[in-house]
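Here the structure is laid out as structure tokens; the discussion comes afterwards.
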Protein chains: 2
Amino acid sequence: MAFYLNQVPFEEARENFESELLNVNFFHPREEEIETVLAVGRITCKPVLAKRSNPHFNASAVDGFAVRAKDTFFARETSPILLKVGENCLRVDTGDLIPEGFDAVIMVEDVLYPEPGVISVIKPVTPGTNIRFIGEDFNEEEVLLPAFAKVKPADVGALLAGGVKTLKVLKKLKALFIPTGDEIVPFSETPEPGQIPDTNSSFIKAVLAEYGYETFIHPIVRDDPELLYKTVKDNIEKYDVIIINAGSSAGRDDYAAKVIERLGRVLVHGLATKPGKPTILGIAGNKPVIGLPGFPLSAYLVCEIILKPLAEKYYKNEFHDYGKIKATLTKTLISTTGVDDFVWGKVTRVAGRYCFTPLSRGASVSSTLLKANALLRIPRFSEGYKEGSEVEIALKEPLAEVEQYLTVTGSHDLLLDLIDSFLREKYGIKLSSSHVGSLNGIVAVEKNYAKLAGVHLLDPETGEYNKSYVEKRLKGYVLINLSLREQGLIVARGNPKKISGLADLVKPGVTFVNRQKGSGTRVFLDYLLKKENLNAREISGYDREEYTHLAVAAKVKNGLADCGLGIYAAAKIFDLDFIPLGEERYDLLLREETLEDTQVKKLLEVINSQEFKKEVENLGGYKTTYTGQIVEKG
Amino acid sequence: MAFYLNQVPFEEARENFESELLNVNFFHPREEEIETVLAVGRITCKPVLAKRSNPHFNASAVDGFAVRAKDTFFARETSPILLKVGENCLRVDTGDLIPEGFDAVIMVEDVLYPEPGVISVIKPVTPGTNIRFIGEDFNEEEVLLPAFAKVKPADVGALLAGGVKTLKVLKKLKALFIPTGDEIVPFSETPEPGQIPDTNSSFIKAVLAEYGYETFIHPIVRDDPELLYKTVKDNIEKYDVIIINAGSSAGRDDYAAKVIERLGRVLVHGLATKPGKPTILGIAGNKPVIGLPGFPLSAYLVCEIILKPLAEKYYKNEFHDYGKIKATLTKTLISTTGVDDFVWGKVTRVAGRYCFTPLSRGASVSSTLLKANALLRIPRFSEGYKEGSEVEIALKEPLAEVEQYLTVTGSHDLLLDLIDSFLREKYGIKLSSSHVGSLNGIVAVEKNYAKLAGVHLLDPETGEYNKSYVEKRLKGYVLINLSLREQGLIVARGNPKKISGLADLVKPGVTFVNRQKGSGTRVFLDYLLKKENLNAREISGYDREEYTHLAVAAKVKNGLADCGLGIYAAAKIFDLDFIPLGEERYDLLLREETLEDTQVKKLLEVINSQEFKKEVENLGGYKTTYTGQIVEKG
């Protein structure tokens, strides 16, 4: 506990690290010779010179007849000149050597064939016509590729044509990744409670491969400082970079910093970033040794802000992202001053502008990386950004792909995943869905943060669905039914607690898992409780909120609750029992003008198709009576 | 000769081809199961569901002490609560299982240690604090990746955390590339005159790999229709696509179309594109069979406009270029109407706008692909574009890389390659140089098509260099000397024709190779000829023009001319003899305001460095007396 983290702004940390690495020649080009056909993506370390001119002989540029130009000087359409094949002219194909004594080629299309073995020339040609001379493409000793150029697929042909069969390229940076921790088990094993599968090794290896590192994964090292010391010491000669993961914070088993100190020097211990704080940058045995945080978002960020720039400097080539764009922030972000705050999110195009929706910022949340396509940096002097403000974000995928997303938010339903599959397969449209509940979905459509929102809100006064909620916020809207679906209590298989209805929820010993406020399911529950005169406060677990039907079912499946309210399909997936409580209408809300949107038109085609409806019915718990129909307008 | 090409607009050809391929199920997903760690870049063919929740147990989110929240409810700074470690609290690290009976974690930083084995808690915590609950990241059965999604490096961690060790992905498209032709030899051999090394196989394989094809290269097939027929027939079952190269035009040895007809159907024979015309699209054995043109630019274009879209349709994913931008065309392009004309070129940024310089359009010119970073399409109804007009071009590299080019044009000098190496290694700046001669270089700087131009123009009136030429076109210019360099006659080793000076050029039996009009070397030659009263018309080869010193030297080396005028360094590279005729001043021309340009400042740093000058002197034939100095201003 004696070791406290100091926090250094990441640019300062990186500069410090890089200038020390300069001293130990880390950025000095190290070369190897490889076959040209294997060189795509590699970086040259010297100018690549042609060993042979191209073409390497005078060749015909067309299919035709090699002639002596002077024989044709007086050829006219009115007075053609006849040439005997094999004597005054020779048949040549594209690429053929120009035979000795001939100096031009006439295309097959440009001559007539008055009799076998004779051609008739009707216009003159000058010497050199249709001949590709030696070196016309390039000459030997010419620079084909400069030093520090990345070899493109299209370069391969020219290099081979120039007789360049092997190439001197920069050696790949070799990294050793050392996973550490008593709780870590190989990902191929099934982890016990308390054990964590080693997913970082493969994940970080894949990330580093994009930056040009070749990463070797060391077997997991137990929490033993001597063992870690020995591991680093024994390998430091063989690699360009050593990465220790994790053990870089100030916890009980965090030996990394001490081990680096013993073998060399710790330059930085603690970055002023969020995530990424527990990072160590050190040098030992003249090699960089990095203590990488254990959480996936932290580890990834440190790769982006430290390991990527290192590789760029070594390769003298930047690994470009897809540029930066301005986008509207759909959610207020509060940031601690003093740290650079990095927020992953999803950017999509809605109503003529880009919208950036931040994803979960918990460093441990790996699903954020599955969904993210952009990164926002909140600088350390900033307290954050308000919802609706314009922010600059770094794209992590091409803008053209960003354009392919169709944004849907609001309530969660499994049919959205099905629509996504249909849209991707048939039209290359990608559904980008987030689950914020029906009420927030209405707000998102009103603010033009999403094109569509899934809503299923029962009005307890009227017994009607959605209409009254939407009308409070939006004019010019359309509600299109996606399905009728069965809501009910999801209980363990065999219903061990003998739950038969809502009244059983208030019984002692029965635990419940709830949905979040603003969700249609929560509204439905509260409506039913009121109708049955039950007191929510008496339900054990009423305050435990989950954001999706699947999350509720998973809690029941794992024995963390006895029951929850949700749709039949979720219970079916987990093979749980289901006590139906009622059918509800799940609609898609959109602005009327959005009906003209190309992507939305395709989505409507999908949900109106028999193929889709059939798959929906097969899921169980859904009815497609009104699917695809406009059920409200206003 | 009976087979004539019809010409079909490429979109029509592609649509026709694709709709026929739809009928033979070419686009139908074919799946295979692979390890998740090998799946980066592959395309899912089903939604990927989590097999395990993450976390899979309730875990501590911090390094700290697991407590019972209720024990801390009355903790205050003024009245701390003491907890005994091992009894009322337990030490846990990030990721550790929350021990039975505990329901919150207090961070190590938030407690005091009044005595060994006891912690002092100074503020209350609520149940659940600092605990990551099962499924907080995602729940089992949740969709981690949708169908038809490309697996990113950052996905690997989450997939493995979700227990997804293998993945169902789309099988790669398997292509067979069949090189054909009696004149073709493996690229590993040294080709004789008339023989052509097989560079296309490896080149196209590399290009197709970018689109997701796995390409197998067949041994070269001789020009024998039966053999080609048998080759295609025997392999058609084993591959998704068969590519025959070349033999797709209407020449003597062009059997491809006939072979495809015998095995199936030719749908298209001849595209209305330039390059790319001699293309065949056919179907045989329910598989696409493509006759690919032999010239590299043609073959590459057909890959781009036919094979890439096929793959995109199969993978349901587009292989995005880097977007389109508007650029100023630096050269007039004339196009035949009736064909879509595709022109590769180099786009760079000069004076606040992008400039697109077309590269050689000869389909056989593979060096075009080495230099190109953008593609312009001149539509079939257009007659072309005028110099200076704004055109839309498709980027073939990220815009951020385009920004790294420093454009230099004008006269060719070998020192430019040396500057390029220095700039790339030290500053990541890339010199983009083209060789248009000194006079055109001045025009390019005047029109802001290039930041710099190399010039070495002798004024025969004054005996001065460059100044008078530049002043005719440009005000506010600066000339910075790059070097003094020796010009002279380049002759074969041993000088077999006993050439001792210009007077020998008019001797019978002596052949000469000239530089192009507008080049400084040509001006110098004409000046010397006039001075010596020699008649250019009497020089055999005076009309044969080459664009670079190396090209001149290569011609002499290959015995295609007895001598040429050029710099000493070019003679030295080819180990030729050199008869000095005089020293000239080679300057870099720029606008005065360009001195403020960041890239140009770095270039000036380079040429002023001792390191650079030393390497220049080592080349021979150069003097660095004035290198880096401003020699003229006006």
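The values are calculated or read from the model by the stated rules, or taken from the named source; none is laboratory data. Nothing here was measured: the structure is a model prediction, and the numbers come from that model. Positions of Cβ are generated from backbone atoms using ideal geometry, with glycine treated the same way; all protein chains shown enter the neighbour counts. Side chains included, ligands, DNA and RNA excluded: accessible areas come from the protein's heavy atoms. Shrake-Rupley method; radii C 1.70, N 1.55, O 1.52, S 1.80 Å.
Odds and ends about this structure:
- For the range A:145-164, a residue qualifies if it is touching a helix residue (DSSP H, G or I) at 6+ places or on another chain (Cβ under 7 Å) and either under 18 Å from B:T190 (Cβ atoms) or outside the structural domain of A:A39 (by TED's automatic domain parsing) (or both), and the qualifying residues are A:G157, A:A158, A:L159, A:L160, A:V164.
- Residues of the range B:54-68 classified as open to solvent by 10 Å² or more (accessible area, probe 1.4 Å) and of a type in the set (G, A, S), total: 1
- Matching option when the condition is farther than 20 Å from B:V510 by Cα and either facing chain A (nearest Cβ under 10 Å) or of a type in the set (K, R) (or both), among B:R591, B:R544, B:R537: B:R591
Yes or no, residue by residue, for (1) modelled with pLDDT of 95 or more; (2) aliphatic (A, V, I, L, M); (3) farther than 24 Å from A:K371 by Cβ:
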position	(1), (2), (3)
A:V302	yes, yes, no
A:P309	yes, no, yes
A:E312	yes, no, yes
A:F319	no, no, no
A:K324	no, no, no
A:T328	yes, no, no
A:T332	yes, no, no
A:F342	yes, no, no
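- Filter result for A:K346 (touching a Leu at 6+ places or on another chain (Cβ under 8 Å) and under 30 Å from A:V443 (Cα atoms)): yes
- Any hit, the range A:231-238, residues being part of a helix (DSSP H, G or I), over 30 Å from the mean Cα position of the chain (by Cα) and among the aliphatic types (A, V, I, L, M): yes
- Subset of the range B:410-420 (residues that are surrounded by 24 or more Cβ atoms within 10 Å (Cβ to Cβ) and without any contact (Cβ under 8 Å) to a residue 40 or more places away in the chain): B:D420
- Odd one out for A:E109, checked against (1) open to solvent by 60 Å² or more (accessible area, probe 1.4 Å); (2) under 59 Å from the mean Cα position of the chain (by Cα); (3) at pLDDT 90 or above: (3)
- Inter-residue pairs, beta-carbon under 6 Å, first at the interface with chain B (Cβ under 7 Å from one of its Cβ atoms) and in the range A:144-159, second of a type in the set (K, R) and part of a loop (DSSP other than H, G, I, E, B), 6+ apart: A:A147/A:K46; A:F148/A:K316
- Going through (1) at pLDDT below 95; (2) touching a Ser or Thr at 6+ places or on another chain (Cβ under 9 Å); (3) surrounded by fewer than 23 Cβ atoms within 10 Å (Cβ to Cβ) one by one, B:A154 falls short only on (3).
- Residues of the range A:540-590 satisfying the condition of being among the β-branched types (V, I, T), open to solvent by less than 10 Å² (accessible area, probe 1.4 Å), over 29 Å from the mean Cα position of the chain (by Cα) and farther than 16 Å from A:D417 by Cβ: A:V556
- A:T129 being open to solvent by 10 Å² or more (accessible area, probe 1.4 Å), at pLDDT 95 or above and touching a strand residue (DSSP E or B) at 6+ places or on another chain (Cβ under 6 Å): no
- Looking across the range A:192-226, just one residue is in a loop (DSSP other than H, G, I, E, B), at pLDDT 95 or above and facing another protein chain (nearest Cβ under 7 Å), and that is A:T199.
- Where A:E486 falls short, out of the listed (1) more than 14 Å from chain B (Cβ to nearest Cβ); (2) within 23 Å of A:S438 (Cα to Cα); (3) open to solvent by less than 50 Å² (accessible area, probe 1.4 Å): (3)
- Selection count where residues are open to solvent by 80 Å² or more (accessible area, probe 1.4 Å), away from every other protein chain (no Cβ under 14 Å) and within 31 Å of the chain's Cα centre (by Cα), scope the range A:2-35: 2
- If the condition is being more than 10 Å from chain B (Cβ to nearest Cβ) and either within 30 Å of A:K46 (Cα to Cα) or in a strand (DSSP E or B) (or both), then the range A:115-143 contributes A:E115, A:V118, A:I119, A:S120, A:V121, A:I131.
- The lone exception for A:E109 - which of (1) out of contact with any Gly (no Cβ under 9 Å at 6 or more places or on another chain); (2) within 10 Å of another protein chain (Cβ to nearest Cβ); (3) of a type in the set (D, E, K, R) it fails: (1)
- Residue within the range A:238-258 that is within 28 Å of B:R52 (Cα to Cα), small (G, A, S) and touching an Asp or Glu at 6+ places or on another chain (Cβ under 6 Å) present: yes
- Across the range A:464-486, the number of residues qualifying as touching a residue at least 40 places away in the same chain (Cβ under 8 Å), in a loop (DSSP other than H, G, I, E, B) and over 20 Å from A:G621 (Cβ atoms) comes to 3.
- You will find that of B:K531, B:K517, the residue that is more than 33 Å from the chain's Cα centre (by Cα), open to solvent by 50 Å² or more (accessible area, probe 1.4 Å) and away from chain A (no Cβ under 14 Å) is B:K531 and no other.
- Flag if B:K346 is under 20 Å from A:A149 (Cα atoms), within 14 Å of chain A (Cβ to nearest Cβ) and touching a Cys at 6+ places or on another chain (Cβ under 9 Å): yes
Per-residue answers, yes or no, for (1) touching a helix residue (DSSP H, G or I) at 6+ places or on another chain (Cβ under 7 Å); (2) more than 13 Å from chain A (Cβ to nearest Cβ); (3) touching a residue at least 12 places away in the same chain (Cβ under 8 Å):
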residue	(1), (2), (3)
B:V37	yes, no, yes
B:R42	no, no, yes
B:H56	no, no, yes
B:E77	no, yes, yes
B:L83	yes, yes, yes
B:N88	yes, yes, yes
B:P99	no, no, yes
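- The residues of the range A:408-459 that are within 14 Å of chain B (Cβ to nearest Cβ), part of a loop (DSSP other than H, G, I, E, B) and in contact with a strand residue (DSSP E or B) (Cβ under 6 Å, 6 or more places away or on another chain), listed by number, are A:D413, A:I429, A:S434.
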